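One structure below.
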Amino acid sequence: MTTYQQAVETAKSAIDQKANWQAINAESVARMRLQNRFKTGLDIAKYTAGIMRKDMEAYDNDPSLYTQSLGCWHGFIGQQKMISIKKHFQSTDRRYLYLSGWMIAALRSEFGPLPDQSMHEKTSVPMLIEELYTFLRQADARELGGLFRELDKANEQGDSAKAAQLQNEIDNHVTHVVPIIADIDAGFGNAEATYLLAKQMIEAGACCIQIENQVSDEKQCGHQDGKVTVPHSDFLAKINAVRYAFMELGVDDGVIVARTDSLGAGLTKQIAVTKTPGDLGDQYNSFLDCEAVAPEDISNGDVLIRQNGELVRPKRLASNLFQFKKGTGEQRCILDCITSLQNGADLIWIETEKPHIGQIGAMVNEIRKEIPNAKLVYNNSPSFNWTLNFRQQVFDAMQEQGNDMSAYDRDRLMSAEYDETELALQADHKIRTFQADAAKEAGIFHHLITLPTYHTAALSTDNLAKEYFGEMGMLGYVLNVQRQEIRQGIACVKHQNMAGSDMGDDHKEYFAGEAALKAAGKDNTMNQFANIA
C-alpha cells in the first residue's frame, strides 16, 4: 500500500507539471487519496475476495481460525460494527458483514415490511451493498482525518516522535472495508436473471454471493414451512451464472456459497430430467414419494415415471407440487452439497431447524467422504430458541448419564427459575463455545447471525420508550444511552463528527484556505464531549 510520504511526492509531481495548479496543496491531495483507497465497487470486490480466499486456506490448515459476521440492514449499522470491532480488537481479521435478504424484505422494501419470500425489489440488494461500502469507506476517511489533524498538531508543536508515530499509524492503517457475504435468495428468476443481479451485486462490491436451491417464485424463509426445492441441474445453472458474472467482471477469486434448504423442504415443483439410471436427475427423483400403479389405476392427469423397472406415480398435491419421502432431508442435503461443490460452489450452507453440532457434523462427515475440504457457512439464527435448545440438549445428556432430573421440567427449561442451575450454566457454556466447537467438529468456516440488529434495535427502542415516556423522563435517555456512550467510548456520542462534519471542515480549508467557514469552532456543542472519560 502507498505510504503517506509516497502519496505526497506523487501528488507533488503531478502538481509541479502544471503551472496554474500552484494553489493545490500536495499534502492535502495525498490525504484525500489515502482517504479514498477504494475507487470502485470492483476494487472492493477484488480486495475482499482475496481476504476470503486467504481465510479459507488458513481454516483448512487450522479449524480454530473460523470467521464470523453479523447481519446488516443499513450502512450505518455495518459501519458501527466495524468501528466497534477495530476499537475492541484492533483488527478486522476474520470478521465480515452479512447482508440478509430477510432484513431487506422486512426493512428496506418500498412495499413496507414483507416476509422473506423474494417479493422485495431485487435492486435493493446491490443498493444495500453499495450503501454498506459507502459507510465503511467513510469510516476509513473519518479515522484517517483524525490522524491527519493529530499529525498537524504534533508538527506545530515540534513533537517529532509523536509525528513519526502518527505517520506510522497512517501508513499501517487498518481499513474498515471487509468481505460481505451477500444473499441473492434463489436468484430472483431464471439463470439469466440471476446473472444480471449477481453482476450488479459484484459491481457494488460483493466478493461473496450466497444462493439457495429453492424455487425462485415459491421461495420461503429458511426457517418456515412450505419450502420447495429445484432439481440439481436448475440450481447448478444458477451457480454457473454467478461464476460467469464474477469472471466477466474480473473478480476471478469471487466466492459462491451454495445453500441447501432440503432438510426442511418436503416439496419439489419439478420432476428432474433423467437419461440414465443413477444419473443426477434419477437420484433427485429417487427421493420422491411414489406409489406403484397398474394400468387400470391410472387417472386423468396422472404423472408417471419408471423407477427400478417399475411404473410409479409421484404423489402430487392440490398445489401441483410433488412431495418427497419423509425422513430423506439429510440425504438430500448431503447430495446437494456434494453436487454443488463438485460443480463450482466454494462453500456450502445447510439450513437447519436447530443448532446441533452432532446433526451438522454427521452430514459434513458424509460430504467430506467425497469433498475432503468441504467448508460450511452456518446461520446462527435468531429463529432458534438458543436457550431452550441447549438446555434440552444438556438435559438429555444428563439423563443419559443416569442423573436424577426430577427437579427439571424439560418442556419448561426456558423458565427463569432455572437460570442459576447447573444445567443452565452447562448450557450457557455450550452456547459460548458453540462456534469454536462447530468449527472444529462440523467443518463450519463461517458463523453468522442473520438478524441481530433487527432484534437489538427493537430491544433498545423498547427500553428507551419505556423509560423516556415513563417516570424517568429525560434521565431515561441520559442514563442508559448518552452516559453509556461516554463511559464506553462510543464514537457516535460525537454524532456531528460521525456524520462527516470534521472532514467537511478539512475540505473547506483545502479549497478556501483562511477564508473557510468551518463548523468546528468554539461554539460547536460537540466540544462538550472532548477529552472526557
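The table below lists the values:
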read-out	value
Flag for PRO355 being surrounded by 21 or more Cβ atoms within 10 Å (Cβ to Cβ) and over 29 Å from ALA241 (Cβ atoms)	yes
Residue within the range 69-81 that is at pLDDT 95 or above, over 30 Å from HIS120 (Cβ atoms) and either assigned by TED's automatic domain parsing to the domain that holds LYS375 or of a type in the set (Lys, Arg) (or both) present	no
Restricting the range 215-243 to residues that are small (Gly, Ala, Ser) and more than 13 Å from GLY189 (Cβ to Cβ), the residue that is modelled with the lowest pLDDT	GLY222
Identity of the residue in the range 287-306, touching a residue at least 24 places away in the same chain (Cβ under 8 Å) and within 17 Å of PRO277 (Cβ to Cβ), that ends up farthest from the chain's Cα centre (by Cα)	ILE305
The range 481-504, subset β-branched (Val, Ile, Thr) and in a helix (DSSP H, G or I), residue nearest to ASN527 (Cα to Cα)	VAL493
Any chance LEU280 is modelled with pLDDT of 95 or more, crowded, with 21+ Cβ neighbours inside 10 Å and of a type outside the set (Phe, Trp, Tyr)	no
Per-region count, the range 358-386, residues over 25 Å from CYS208 (Cα atoms), surrounded by fewer than 17 Cβ atoms within 10 Å (Cβ to Cβ) and not charged (D, E, K, R)	4
Any hit, the range 189-196, residues being in a helix (DSSP H, G or I), in the same structural domain as SER340 (by TED's automatic domain parsing) and surrounded by 20 or more Cβ atoms within 10 Å (Cβ to Cβ)	yes
Which numbered condition ALA30 fails, given (1) of a type outside the set (Lys, Arg); (2) in the same structural domain as LEU376 (by TED's automatic domain parsing); (3) over 18 Å from the mean Cα position of the chain (by Cα)	(2)
Scan of the range 256-289 for residues that are part of a loop (DSSP other than H, G, I, E, B) and β-branched (Val, Ile, Thr), ordered by number	ILE271, VAL273, THR274, THR276
Tabulated pairs, the range 229-249, first touching a residue at least 12 places away in the same chain (Cβ under 8 Å) and aliphatic (A, V, I, L, M), second assigned to a helix (DSSP H, G or I) and surrounded by fewer than 20 Cβ atoms within 10 Å (Cβ to Cβ), C-beta under 7 angstrom, 6+ apart or interchain	ALA237/ALA191; ALA241/ALA191; ALA245/LYS199; LEU249/LEU42; LEU249/LYS199; LEU249/GLU203
Residue ID - nearest to ARG149 (Cα to Cα), chosen from residues in the range 491-533 that are among the basic types (Lys, Arg) and in contact (Cβ under 8 Å) with a residue 12 or more places away in the chain	LYS518
Entirely in the range 377-480, the helices (runs of 4 or more DSSP H) that have 3 or more residues that are closer than 24 Å to GLN68 by Cβ and out of contact with any helix residue (DSSP H, G or I) (no Cβ under 6 Å at 6 or more places or on another chain)	386-400, 422-432, 434-441, 452-468
Residue count, the range 505-533 (criterion: assigned to a helix (DSSP H, G or I) and touching a Phe, Trp or Tyr at 6+ places or on another chain (Cβ under 9 Å))	1
Matching residues, the range 290-314, being surrounded by 10 or more Cβ atoms within 10 Å (Cβ to Cβ) and either part of a strand (DSSP E or B) or touching a Phe, Trp or Tyr at 6+ places or on another chain (Cβ under 7 Å) (or both)	CYS290, ALA292, ILE305, ARG306, GLN307, GLU310, LEU311, VAL312, ARG313, PRO314
Which listed residue, of ILE271, ILE334, is in contact with a Pro (Cβ under 7 Å, 6 or more places away or on another chain) and at pLDDT 90 or above	ILE271
Test: residue in the range 495-511 that is out of contact with any Lys or Arg (no Cβ under 8 Å at 6 or more places or on another chain) and either over 25 Å from ARG31 (Cα atoms) or modelled with pLDDT under 85 (or both)	no
Unique match (being touching an Asp or Glu at 6+ places or on another chain (Cβ under 8 Å) and without any contact (Cβ under 8 Å) to a residue 60 or more places away in the chain) among VAL29, VAL8	VAL8
Some residue of the range 434-447 being among the aliphatic types (A, V, I, L, M), more than 30 Å from MET103 (Cα to Cα) and in contact with a Phe, Trp or Tyr (Cβ under 9 Å, 6 or more places away or on another chain)	no
Unique residue being within 17 Å of ARG259 (Cα to Cα), acidic (Asp, Glu) and touching a His at 6+ places or on another chain (Cβ under 8 Å) when the list is GLU330, GLU351	GLU351
Any chance GLY146 is buried (at least 18 other Cβ atoms within 10 Å of the Cβ), within 26 Å of ASP43 (Cβ to Cβ), touching a residue at least 24 places away in the same chain (Cβ under 8 Å) and not assigned by TED's automatic domain parsing to the domain that holds HIS507	no
Hey, ILE24 closer than 30 Å to PHE511 by Cβ and buried (at least 22 other Cβ atoms within 10 Å of the Cβ) or not	no
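Residues checked against (1) among the polar types (S, T, N, Q); (2) farther than 30 Å from ALA30 by Cα:
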position	(1), (2)
LEU99	no, yes
THR123	yes, yes
TYR133	no, no
ARG149	no, no
ASN155	yes, no
GLY158	no, no
LEU166	no, no
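The values are calculated or read from the model by the stated rules, or taken from the named source; none is laboratory data. Source: prediction; values computed, not measured. In this analysis, Cβ positions are derived from the backbone assuming ideal geometry, glycine residues included, and neighbour counts consider all displayed protein chains.
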